[in-house]
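The values are calculated or read from the model by the stated rules, or taken from the named source; none is laboratory data. Since the structure is predicted, the reported quantities are computational estimates derived from the model, not experimental observations. For neighbour counting, all protein chains shown are included, and Cβ atoms are generated from backbone atoms with ideal geometry for every residue, glycine included.
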Amino acid sequence: MTQVMVIFRRELGSYFSTPLAYVFIVMFLILTGVFTFYLGGFYERRQADLTPFFMFHPWLYLFLIPAVSMRLWAEERKSGTLELLLTLPVPLKTAVLGKFLAAWVFTGVALVLTFPIWLTVNYLGEPDNGVILAGYIGSWLMAGGFLAIGSCLSAATSNQVIAFILTVVVCFVFVAAGFPLVLEAFQSWAPAVVVDAVAGLSFLTHFEAVSRGVLDFRDLLYFLIMCVGWLYATAIVIDMKKAD
Amino acid sequence: MITIENLKKAFGGFMAVDGITLNVSPGEVLGFLGPNGAGKSTTMKMLTGFIKPSGGQICLFGFDILSDAIRAKELIGYLPEGAPAYGDMTPVQFLTFVADIRGMGVRKAQRINDVICRLELNNVANRPIDTLSKGYKRRVGIAQAILHDPKVLILDEPTDGLDPNQKHQVRELIRGLAKDKIVIVSTHILEEVTAVCTRAVIIANGRVLADATPSELENRSRYHHAVTVSLKDDDTDKTLKVLKSLTGVKEVEVSPDHSARYTLIPNSEQSSDLLAAVNKLVQENGWVVDEIFMERGRLDDVFRQLTTQNTRRGEIA
């Protein structure tokens, strides 16, 4: 456990040692603002909730999370520190978990920094703060799922740009699977079981339920399985591709 | 004690390491020699548990590197090729990170201080590693490897990119460490082997070609006990004739850059009194001598002989 913390601290520190972290946070805050107020019609809806804020998170994460996850392992491989890290007496799983947690907490920090929007909605009306909290939890869990995918694909290459693009593509598949357009295309010919299975794979389906304030065990399990599964895959990919 | 048994590693169809068997005991400083691509680094990567062997077994003080990986890795200090380090950290932060991973606890501060002094990193201790020169980076890598006072120290080209003073320093450091430890150094600088190693292993094409002490290897050289003599103003042809007629001389080489410098190669091992014979000849002929000495043998000559012979054989096969 302490080793996880050591790797976690180093990784989180390295985020803030480059301007990338600050650029990411500023971009995230600006974009959430733009999406909420302009595209989401925050004022026009005349409702005291944060639905227009959370609704765009999957699309925002689609491009911002890969930028965080791309360096996780690709950089270690490129600079040769992978060899250093994996010849220290630390299990591979510990290293994978420590680095993932650092990236996850980092996105958590970015998410927490959107608190002015919560203050705003509380100033303007009387929202259900339980629902908002659920939305934040759901959003953070979803970020974890995106990051775990990114972690695995970052482990597959030493080129951060390739890691970024691959992650966007795979994440897009997982988001789009729940998009009405895609589901309708399936509905016309496939049985309901298949449509449900496809929708069930999607971030959108599970995130929407959570962000409405419904903390269903199955949705939480979905995100947990996504994280654990992709992190497990990360370890396998690293193990397989060590030699090159 | 390290035991390596029939170690193999295949990349695709290519055998990078093809059946290496070695035993190394504490106190030994083993020099791993070989041309580029001989399988030195691959062997070291398997020894440190970074990549898995395709076959064979590695045991460090009773711990198998595969089944007991963590405990085996605790014994090892390793400097990977190119001395990688986290560039955004300072040497102090980096060493603290390594110490924390190794769970060094109370010894930590003292040991970090020790290695920083030992490798003279004081001036750069708080500068990001990315901004350091190659020599400093290499020393940070060595500092990291010796931080926990490991029983087994594995250094992949530790003096690459260092200036002569720093090279000397690192060699002194290795010699200072060696008493009860196993040190394995890979290099293609032959003088390094003579300078620090108690045992030299030459590998090429993934196989061990020679395993002996550096002086034993030197004895295999055709220059072993050869006598080199430099004369002042002489007649090359005439001198050559006289020197060649000496008993026990197999061949006389004339130095290409210095025409009055001759190397007499003995035709058998027993002719260690060649020096006396040449001395006698000098007196008889009244030559004026600049320099005369007996060679111990040339390691680079042995190295070339062994490694090129092997590739030639490989080409035919």
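Quick notes on this structure:
- Checking A:VAL90, A:VAL96, A:VAL68 one by one, the residue that is modelled with pLDDT of 95 or more and within 21 Å of A:ARG9 (Cα to Cα) is A:VAL96 and no other.
- Residue match in region B:8-25 (condition: out of contact with any Leu (no Cβ under 7 Å at 6 or more places or on another chain), closer than 17 Å to B:LEU155 by Cα and surrounded by fewer than 19 Cβ atoms within 10 Å (Cβ to Cβ)): yes
- Any chance A:PHE37 is at pLDDT 80 or above, out of contact with any strand residue (DSSP E or B) (no Cβ under 7 Å at 6 or more places or on another chain) and away from every other protein chain (no Cβ under 11 Å): yes
- Test result for B:ASN113, farther than 22 Å from B:PRO158 by Cα and polar (S, T, N, Q): no
- Where A:TRP73 falls short, out of the listed (1) closer than 12 Å to A:ILE238 by Cβ; (2) at the interface with chain B (Cβ under 9 Å from one of its Cβ atoms): (2)
To keep it simple, each residue is scored yes or no on (1) assigned by TED's automatic domain parsing to the domain that holds B:TYR78; (2) touching a residue at least 60 places away in the same chain (Cβ under 8 Å); (3) touching a His at 6+ places or on another chain (Cβ under 9 Å); (4) part of a loop (DSSP other than H, G, I, E, B).
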{"residue": "B:ASP18", "(1), (2), (3), (4)": "yes, yes, no, no"}
{"residue": "B:PRO26", "(1), (2), (3), (4)": "yes, yes, no, yes"}
{"residue": "B:THR43", "(1), (2), (3), (4)": "yes, yes, no, no"}
{"residue": "B:PHE50", "(1), (2), (3), (4)": "yes, no, no, yes"}
{"residue": "B:PRO53", "(1), (2), (3), (4)": "yes, no, no, yes"}
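- Any hit, region B:126-135, residues being within 14 Å of chain A (Cβ to nearest Cβ), in a helix (DSSP H, G or I) and crowded, with 20+ Cβ neighbours inside 10 Å: yes
- Residue list for region A:169-197, restricted to those being surrounded by fewer than 18 Cβ atoms within 10 Å (Cβ to Cβ) and under 30 Å from A:ALA155 (Cβ atoms): A:VAL169, A:VAL170, A:PHE172, A:VAL173, A:ALA176, A:PHE179, A:ALA197
- Of residues in region B:42-78 being hydroxyl-bearing (Ser, Thr, Tyr) and more than 10 Å from chain A (Cβ to nearest Cβ), the one surrounded by the fewest Cβ atoms within 10 Å (Cβ to Cβ): B:SER67
- Within region B:198-268, strands (runs of 3 or more DSSP E) holding 2 or more residues that are in contact (Cβ under 8 Å) with a residue 60 or more places away in the chain and touching a strand residue (DSSP E or B) at 6+ places or on another chain (Cβ under 8 Å): B:199-204, B:207-212, B:227-231
- Residues (buried (at least 18 other Cβ atoms within 10 Å of the Cβ), part of a loop (DSSP other than H, G, I, E, B) and in contact with a helix residue (DSSP H, G or I) (Cβ under 8 Å, 6 or more places away or on another chain)) located in region B:140-161: B:LEU147, B:HIS148, B:PRO150, B:PRO158, B:THR159
- Counted residues, region B:6-41 - those being of a type in the set (D, E, K, R), more than 10 Å from every other protein chain (Cβ to nearest Cβ) and closer than 27 Å to A:LEU92 by Cβ: 2
- Elements of type helices (runs of 4 or more DSSP H) in region A:64-171, at least 1 residues being over 19 Å from A:GLY213 (Cα atoms) and without any contact (Cβ under 8 Å) to a residue 12 or more places away in the chain: A:71-79, A:81-86, A:115-124
- Among the residues of region B:190-218, the one identified as aliphatic (A, V, I, L, M) and surrounded by fewer than 16 Cβ atoms within 10 Å (Cβ to Cβ) is B:ALA212.
- Residues in region A:203-237 that are polar (S, T, N, Q) and modelled with pLDDT of 85 or more: A:THR234 only.
- Any hit, region A:79-99, residues being charged (D, E, K, R), under 19 Å from the mean Cα position of the chain (by Cα) and surrounded by 23 or more Cβ atoms within 10 Å (Cβ to Cβ): yes
- Just one of the numbered conditions (1) in contact with a Ser or Thr (Cβ under 7 Å, 6 or more places away or on another chain); (2) away from chain B (no Cβ under 14 Å); (3) at pLDDT 90 or above is not true of A:PHE106: (1).
- When the criteria are applied in full, B:VAL92 meets the requirement of being surrounded by fewer than 22 Cβ atoms within 10 Å (Cβ to Cβ) and in a helix (DSSP H, G or I).
- Qualifying positions in region B:231-250 - over 17 Å from B:LYS280 (Cβ atoms) and either modelled with pLDDT of 80 or more or of a type in the set (Ser, Thr, Tyr) (or both): B:THR236
- Within region A:1-55, tally of residues that are assigned to a loop (DSSP other than H, G, I, E, B) and under 24 Å from B:PHE94 (Cβ atoms): 4
- Within region B:85-107, the only residue that satisfies the criterion of being modelled with pLDDT under 90 and either among the charged types (D, E, K, R) or not assigned by TED's automatic domain parsing to the domain that holds B:ILE70 (or both) is B:ARG107.
- Subset tally (residues that are touching a helix residue (DSSP H, G or I) at 6+ places or on another chain (Cβ under 8 Å) and assigned to a strand (DSSP E or B)) for region B:162-183: 1
- Of all the numbered requirements in (1) without any contact (Cβ under 8 Å) to a residue 24 or more places away in the chain; (2) of a type in the set (D, E, K, R); (3) within 14 Å of chain A (Cβ to nearest Cβ), B:LYS151 misses one, and that requirement is (1).
- Filtering A:PRO52, A:PRO66 for residues that are away from every other protein chain (no Cβ under 14 Å) and buried (at least 22 other Cβ atoms within 10 Å of the Cβ) leaves a single hit, A:PRO66.
- Scope region B:287-317; condition outside any helix (DSSP H, G or I) and either surrounded by 12 or more Cβ atoms within 10 Å (Cβ to Cβ) or at pLDDT 80 or above (or both); matching residues: B:TRP287, B:VAL288, B:VAL289, B:ASP290, B:GLU291, B:ILE292, B:PHE293, B:MET294, B:GLU295, B:ARG296, B:GLY297, B:ARG298
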